[in-house]
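Enquirer: Okay, here's the structure, questions in a sec.
We did not get these values from a lab; they are worked out from the coordinates using the rules stated. These figures come from a predicted structure and were not determined experimentally. Quick reminder, even Gly has a Cβ in these numbers, built from the backbone with ideal geometry, and neighbours come from all protein chains shown.
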Amino acid sequence: MAGITQAEADIGREIMRGLIATLPMMISAFPFGLIFGALATSHGLTPLATMSMSLFVFSGSAQFIAIILLGTGSAIGVIWLATLILNLRHLLYAATLVDHVRHLNQVWRFGLAAWLTDETFAVMERRYRLEGGSANAHWYYTASCLGMYLNWAFWTYIGIVVGTRFEDIGAWGLEFAMVVTFIGIVMPALRSRPYWLAAITAGTIATLANALPYKLGLMLGALAGIAVGLALQEWQRRRRLAGAE
């Protein structure tokens, strides 16, 4: 095409490929966003507060645990701690992807880290595993991030509309749909021993500590799973390095 350089065409191709690769994730995430918007309004959040969470927090799991804890009257400190621990799983993601983005400057790395979600991690882990890195792979990454972000914001808005029109939506049992959606997101990502061990550990600890107040069992499970997964991943990395020497 006239006026477009080869470099620009390559970038455009990576953006399109990133969006196409993320499309199945966007489709599977739409009920998640819709349920969040509906549940948040049914738990007493204003439409503005609900939309702001999706625009500025942009973490489905953290947003869900926040509204659940708000519904139980938990203190703000407990909510902050719970969302922090729940999102520590991104340390596992970072350990997996860091070598592929190390060449980028701090601005790029900060942006990609801020927008990284479970779905985009799954897309990028597969991309890097099958194709390796390339000069424009970060545009593929960016397209995935933006696709998920806009998708999440749109379906949150639709959920808000639904939640404000049906005042009894809290009795529809949408929390169960939330759990099923979480399982659908997590299972495809369990491709290696660190992830499997992290999931098993987290599930076991959370179940055993379920009786603790303020959802502390969930937080302990998440923290234990992350610690075990990171430890095993680091052990495997050191074994690989020792074998290469």
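Enquirer: So how much slack lies between Arg237 and Ala153, counting 0.36 nm per residue of separation and subtracting their Cα-Cα distance, in nm? Spell out each step's value before the answer.
Expert: Working: separation 84, 0.36 × 84 = 30.24 nm, distance 3.71 nm.
Computed gain between Arg237 and Ala153 is 26.5 nm.
Enquirer: Also, quick follow-up: Could you give the Stokes-Einstein D for the chain in µm² per second, using the C-alpha Kirkwood radius, 10 °C, 1.306 mPa s? Walk me through the numbers before you get to the answer.
Expert: Values: Rh = 19.4 Å.
Result for D is 82 µm²/s.
Enquirer: Within the stretch 120-141, whose backbone N sits under 18 Å from a point 7 Å along Cα→Cβ of Ala9?
Expert: Hits in the stretch 120-141 for Ala9 at 18 Å: 135-137.
Enquirer: Over all pairs of distinct alpha carbons, what does the Kirkwood formula give as the hydrodynamic radius of the stretch 16-159, in Å? Mind dumping the intermediate values first?
Expert: Values: mean 1/r = 0.0627 Å⁻¹.
Result for the stretch 16-159 stands at 15.9 Å.
Enquirer: Something else now. Could you sort the peptides 219-226, 52-59, 193-200 by per-residue average Cβ neighbour count (10 Å cutoff), highest mean leading?
Expert: Numbers: 219-226: 21.2, 52-59: 15.9, 193-200: 17.5.
Result, highest mean first: 219-226, 193-200, 52-59.
Enquirer: Which parts of the stretch 94-135 would a label at Phe56 reach, counting a residue when its backbone N lies under 19 Å from a point 7 Å out along Cα-to-Cβ?
Expert: 111, 114-116
Enquirer: Can you sort Trp235, Trp155 so the residue with the fewest Cβ neighbours within 10 Å comes first?
Expert: Details: Trp235 11, Trp155 21.
Fewest-to-most ranking of Trp235, Trp155: Trp235, Trp155.
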